[in-house]
1. Go through the range 153-172 residue by residue and tally those that are at pLDDT 80 or above and touching a strand residue (DSSP E or B) at 6+ places or on another chain (Cβ under 7 Å).
2. Report, by residue number, each residue of the range 83-128 that is among the hydroxyl-bearing types (Ser, Thr, Tyr), closer than 18 Å to residue 41 by Cβ and open to solvent by 20 Å² or more (accessible area, probe 1.4 Å).
3. Test residue 35 against the stated conditions and say whether it is in a strand (DSSP E or B) and either of a type in the set (D, E, K, R) or at pLDDT 95 or above (or both).
4. Within the range 72-118, which residues are hydrophobic (A, V, I, L, M, F, W, C) and within 15 Å of residue 53 (Cα to Cα)?
5. Across the range 48-70, what is the number of residues that are closer than 13 Å to residue 91 by Cα and open to solvent by 10 Å² or more (accessible area, probe 1.4 Å)?
Amino acid sequence: MKRIKCVIALLSIVLISGCASPSIGLSNQISSENGIVWGSMAYEGNYADYQVHFKNIKTGKKHFISLSTSVNEAGLFAIELPAGSYMFTGWKISEQFILVNKMGETEHNFKSKSGESTYLGQIHFSARDITESKQPDIKASLRNRYALDMEHWQASFADLGLQIQDEHHVAAQSTLCQSCNLTVTYTPAQIR
């Protein structure tokens, strides 16, 4: 019975991580009808994973960027998406015994354009330790870090040969999903 639980847990982890939008690699060929959305992710806090979620406005197809699977060592992500309009729908962070998510409709939209790149900005998470209060104090924001992210882009993805557009108009700093619903799920430790 213990082995079955372990197998189920491992399969669950593989399936969950498989849903993340993978960052493109240096050797990936980009489809001509798709575009690239890119930016960086940074965090303050001690959580195991940080995610930002978004969906295609027309089709409703959902995607997410995960710090643990979509972001390279320079903090960059670059994701190939079908051309279209997208909306950020929230964020999640997790560690061993806690999952915090803030989901809902937002005013933060972006477009993926065929054969072009779109800079989203830096997605920054700040989290205070949960020992200071009963509820975690976590905020996610979008920041404009174009100059620094562009330096990292040139080092990480220059071989793609993709046309890099001028700086996208990202606000100096804006809260991501400010009016979304917050849920916190605590998972008790199992005693054996």
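The values are calculated or read from the model by the stated rules, or taken from the named source; none is laboratory data. Being a predicted model, the structure only gives us computed values, none of them experimental. Glycine gets a Cβ as well: all are built from the backbone with ideal geometry, and neighbour counts include every protein chain shown. The area values use the complete protein model at the heavy-atom level, side chains included, leaving out ligands, DNA and RNA. Shrake-Rupley method; radii C 1.70, N 1.55, O 1.52, S 1.80 Å.
1. Qualifying residue count for the region: 2.
2. Of everything in the range 83-128, those that are among the hydroxyl-bearing types (Ser, Thr, Tyr), closer than 18 Å to residue 41 by Cβ and open to solvent by 20 Å² or more (accessible area, probe 1.4 Å) turn out to be 89, 94, 126.
3. no
4. 77, 78, 79, 81, 87, 88, 91, 93, 99, 100, 103, 110
5. Result for the range 48-70: 8.
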